[in-house]
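Working notes, beginning with the structure itself.
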């Protein structure tokens with residue numbers, strides 16, 4: 001059922017457009033091109049250790065784009081499917097999973113673009129790069145926890161979705177995606193570890209943007225999973241607690 005609903009979401013998202021699913025390819029490419037001209041050409045930015053800025057940037061943008069787009073979709077998953085929620089036999093809790101699955105398609109396309117950049121810059125494939133699936137799983141855990149929480153609250157407070165767009169915009173700029181952590185003073189750099197997305201972004205970069213593999217520290221890993229599991233449990237509990245009231249409110 002989840003897969004069927006995810007396919008329907010993708011069909012609905014691109015229905016009536018001439019480009020169809022190609023828009024899932026055009027959107028990330030347009031973002032990459034814009035940032036490339038602004039930062040790499042305009043500001044002559046370089047990645048750490050003189051890594052090509054465009055490669056370093058895309059390695060950070062790939063997980064962010066998945067997180068940003070999917071979280072906004074999951075947040076509206078209940079209110080966008082009121083006709084299903086009102087059916088007493090429908091398992092409402094699967095709707096966030098549906099939008100998580102449909103978000104994997106644009107993510108896979110973005111990874112395909114990144115693979116092309118890796119080939120262009122002569123970065124050879126390494127078996128350990130498959131560990132990017134671990135950081136993808138980390139994203140899914142965080143997304144489901146936040147998604148369950150926000151989707152449940154969105155039913156009662158429709159401003160949640162609008163506020164989330166603002167928060168995500170701020171979150172983008174406080175996460176080292178277009179800027180390097182190295183520009184921060186050493187005493188403040190440790191504060192970045194409190195941002196769970198920093199762990200995921202640096203994980204993707206450490207595996208994909210250089211010839212050698214770097215991993216987040218054990219302390220950062222423990223912290224991420226403490227935060228991720230707490231958010232997951234809070235989101236799951238909140239959703240199950242409020243779920244019986246969804247049909248009445250909608």
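The values are calculated or read from the model by the stated rules, or taken from the named source; none is laboratory data. Keep in mind the model is a prediction, meaning the values are calculated, not measured. Quick reminder, even Gly has a Cβ in these numbers, built from the backbone with ideal geometry, and neighbours come from all protein chains shown.
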- Query: If a residue has to be at pLDDT below 70 and within 29 Å of residue 90 (Cβ to Cβ) to count, how many in region 11-59 make the cut?
  - Reply: 7
- Give 150, 192, 207 a once-over and let me know the one that is under 23 Å from residue 93 (Cβ atoms), part of a helix (DSSP H, G or I) and out of contact with any strand residue (DSSP E or B) (no Cβ under 9 Å at 6 or more places or on another chain). 150
- Is it true that residue 189 is more than 30 Å from residue 237 (Cα to Cα), at pLDDT below 95 and either exposed (fewer than 13 other Cβ atoms within 10 Å of the Cβ) or in contact with a helix residue (DSSP H, G or I) (Cβ under 8 Å, 6 or more places away or on another chain) (or both)? yes
- Item | Number of the condition not met by residue 77 [criteria: (1) within 21 Å of residue 144 (Cα to Cα); (2) part of a helix (DSSP H, G or I)] | (2)
- Task: Among the residues of region 174-186, count how many are more than 21 Å from the chain's Cα centre (by Cα) and loosely packed, with under 14 Cβ neighbours inside 10 Å.
- Result: 4
- Message: Of the residues 215, 171, only one is assigned to a loop (DSSP other than H, G, I, E, B), at negative phi and under 20 Å from the mean Cα position of the chain (by Cα); which?
- Response: 215
- Message: If residue 159 meets every condition in (1) more than 21 Å from residue 224 (Cα to Cα); (2) modelled with pLDDT under 95; (3) surrounded by 17 or more Cβ atoms within 10 Å (Cβ to Cβ) apart from one, which number is that one?
- Response: (3)
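Those residues that are over 26 Å from residue 123 (Cα atoms) and surrounded by 13 or more Cβ atoms within 10 Å (Cβ to Cβ), I need them from region 192-220; list them, please.
Filtering region 192-220 down to residues over 26 Å from residue 123 (Cα atoms) leaves 192-196, 218-220.
Within region 192-220, 192, 193, 195, 196, 220 meet the criteria.
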